[in-house]
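The structure appears right after this line, and notes come after that.
The values are calculated or read from the model by the stated rules, or taken from the named source; none is laboratory data. Computed from a prediction, not measured in an experiment: that's the story for all the values here. Glycine also receives a Cβ, built like all others from the backbone with ideal geometry; neighbour counts cover every protein chain displayed. The area values use the complete protein model at the heavy-atom level, side chains included, leaving out ligands, DNA and RNA. Shrake-Rupley method; radii C 1.70, N 1.55, O 1.52, S 1.80 Å.
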Amino acid sequence: MAIKVFGVEGEKLPGHDAPTQDFVLATGRTFPSGTASGFLSDAKTIGAATPMPEGVKSAVSSTARNFNKVLGLFNTAYAKADFFGHPFSHPIGDDYFSQAPLRYGDYVAKLGAVPASQAQDALGEWQLDPYEDEDGFRHAATDYFRDHEAVFELKVQLWANAETQPIEDASVEWPSQDSQYRTVATVRIPAQEAYSPARVRYFDEVMTFRPAHSLAAHRPLGSVMRARLQVYRALSAFRHRENGVAEENTADITAIPA
């Protein structure tokens, strides 16, 4: 999940000159690699495994997914099991997290976005069949928005204990007994035609979401986030260059096709 807030004034991170604030979230409360060096090592392993037969990769994913289910029975989590074998759940019914911390004004926090409507609660039993529809996640999301709004509670978990809530290791889940996620806002996404050709082109080819599109007051923290500041910029430049499309730091919501 990526959120872009418009009309944001205040000191920005270097290189960001639009009045916006981006929050880039993912499923899983923690980042599997933990640190930038671990991220690089894991990325090399994933890159080496990319040419492997699809059957082998599907078997690894299935094993990780089943392992994840067992861990869920004991209310525990393993970030790499979630990364390689996240359940085939509905994308509008999933929880999303910043995984790594960021500045929260005078404080430090991790962010979360949790579904908060009856229509989304009803998605709990939905399961993707990847053999039936390779684009099942996209179709599920666009089908949902034709008839329903989506509501997410935006939550923050404040940093309160330097011993148990590390800033530099994003693979460690911050214990709830030290600080619980608290709701600070509600995000409502109205029913809409979410996948029109004009929108697809704008979101896929032009628009970018980055942790670096940020106020100084929400500066990303930790080595993983510092790496993301550079990696997202490089990936965006490569994508736009290869596609022959001018990159645009969207500054106003009216630039997005209706």
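Take the residues in the range 207-249 that are closer than 24 Å to Ser98 by Cα, assigned to a helix (DSSP H, G or I) and in contact with an Asp or Glu (Cβ under 9 Å, 6 or more places away or on another chain); name whichever of them is most open to solvent (accessible area, probe 1.4 Å).
For the range 207-249, the residue satisfying everything is Arg239.
Please find, among Gly222, Gly136, the residue that is over 22 Å from Ile253 (Cβ atoms) and over 18 Å from the mean Cα position of the chain (by Cα).
Gly136
If only one of Ala251, Ala255 is of a type in the set (A, V, I, L, M, F, W, C) and in contact with a Pro (Cβ under 9 Å, 6 or more places away or on another chain), which one is it?
Residue meeting the stated conditions: Ala251.
Of the residues Asp204, Asp106, Asp178, Asp129, which single one is out of contact with any strand residue (DSSP E or B) (no Cβ under 7 Å at 6 or more places or on another chain), modelled with pLDDT of 95 or more, of a type in the set (D, E, K, R) and open to solvent by 60 Å² or more (accessible area, probe 1.4 Å)?
Exactly one residue qualifies, and that residue is Asp106.
Identify the residue in the range 1-57 that is small (Gly, Ala, Ser) and touching a strand residue (DSSP E or B) at 6+ places or on another chain (Cβ under 7 Å) and, among all such residues, is surrounded by the fewest Cβ atoms within 10 Å (Cβ to Cβ).
Here the answer is Gly10.
Within the range 170-191, identify whether any single residue is within 30 Å of Asn243 (Cα to Cα) and assigned to a loop (DSSP other than H, G, I, E, B), and answer yes or no.
no
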